[in-house]
Every structure is written in C-alpha cells, then in structure tokens.
Amino acid sequence: MPPHPDVRTVPLQRVLDALVDPVRRLIVGELDAAGRDLACGAIDLPVSRSTATHHFHVLREAGLIRQYYVGTSRMNALRRDEFDEAFPGLLAALIAADRRAADRT
C-alpha cells in the first residue's frame with residue numbers, strides 16, 4: 001500500500017476536491033459515526049466495488065483516511081485528529097451539513 005501523506009502538506013484544494021463527491025462524504029460520515037476503523041466492505045456504498053476502491057484511494061491521497069490490512073480485510077481509519085489540526089473545523093462542519101441534509105430528506 002502506498003504511504004499516507006502528511007496531512008499538514010496536503011493542499012486544501014485536494015481536500016475540497018476529495019470531499020465534493022457525495023460517495024466520499026458518505027464514507028467519511030460512516031467512519032465518523034462508527035467511531036472506529038471499518039473494513040471497506042462494512043460500508044454500504046451505492047457504487048461498484050472498483051468505483052468504491054477509487055473513492056477510498058482519493059480519500060487516502062487527500063489525507064482523510066489511513067488504510068491498513070487486518071488479515072485480508074483492508075481497514076479504514078478516519079484521520080480526524082490530524083485533519084482537525086491541519087484544517088480546524090472543516091470536517092466537523094462538513095459532517096454536520098451532510099447530517100442536516102439527510103434529516104431533511
């Protein structure tokens with residue numbers, strides 16, 4: 001697995017580009033709500049497996065998640081503390097906005 005970027009060096013534009021996609025925001029929201037690391041397959045996504053792999057890759061490259069293996073399962077950890085240090089309030093605001101939007105539907 002490629003190395004994970006130092007969140008402090010990730011340009012804001014890369015982060016925003018990663019978070020503009022609703023599937024990627026769904027992944028971030030699910031990881032945040034779970035409060036623990038989740039396997040890729042534990043998150044129910046409305047896309048094919050190969051497309052899901054792409055979304056996880058984009059999130060990893062933007063510094064939002066850390067991936068590692070446990071046996072044959074690829075686990076995903078939301079890098080909340082590191083991300084909040086580099087971009088204070090951004091992730092909390094995004095997750096809260098998505099939850100408000102979901103409550104309205």
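Bear in mind these aren't lab numbers, they're just calculated from the coordinates by the rules spelled out. Note that the coordinates shown come from a computational prediction; the quantities given were computed from them, not determined experimentally. Here Cβ is always computed from backbone atoms with ideal geometry, including for glycine, and neighbour counts include all displayed protein chains.
Would you mind counting up the charge near F83? Only other residues with Cβ under 11 Å from its Cβ, with Lys and Arg at +1 and Asp and Glu at -1.
Taking every Cβ under 11 Å from that of F83, the sum is -1.
Are there any trypsin sites (Lys or Arg not before Pro) in the stretch 5-105 that are in a DSSP loop and have at most 16 other Cβ atoms within 10 Å? List them by number.
R36
T53 versus A96, label points 7 Å from Cα toward the beta carbon: distance in nm?
Rounded to a tenth, the inter-label distance reads 3.8 nm.
Amide H neighbours of I65 under 5 Å, at least 5 residues apart or on other chains, H built in the peptide plane: list them.
R60, R79
Please list, ordered by chain and number, the residues whose modelled amide H lies under 5 Å from the amide H of R74; skip anything fewer than 5 residues away on the same chain.
Hits under the 5 Å cutoff: C40.
Using only the Cα atoms of the stretch 42-105, each taken as one equal point scatterer with no solvent, compute I(q) by the Debye sum, divide by I(0), and report log10 of the ratio at q = 0.17, 0.23, 0.24 Å⁻¹.
Relative scattering, expressed as log10 I(q)/I(0), comes to -0.77, -1.13, -1.16.
Could you go through the stretch 12-20 in sequence order and give the Karplus-derived ³J(HN,Hα) for each residue, using 6.51 cos²θ - 1.76 cosθ + 1.60 with θ = phi - 60°, rounded to whole Hz, and x for Gly and Pro?
After applying 6.51 cos²θ - 1.76 cosθ + 1.60, I find 4, 4, 5, 5, 5, 4, 5, 8, 6 Hz.
For T51, what charge total do you get from the other residues with a beta carbon under 13 Å from its beta carbon, if Lys and Arg give +1 and Asp and Glu give -1?
Local net charge: +1.
Relative contact order of the chain, please, whole-number percent, based on alpha carbon pairs below 8 angstrom and at least 6 residues apart.
Relative CO of the chain lands at 32 percent.
Based on the Kirkwood radius over alpha-carbon pairs, what is the Stokes-Einstein translational diffusion coefficient of the stretch 1-85 at 37 °C with 0.692 mPa s viscosity, in µm²/s?
D = 255 µm²/s.
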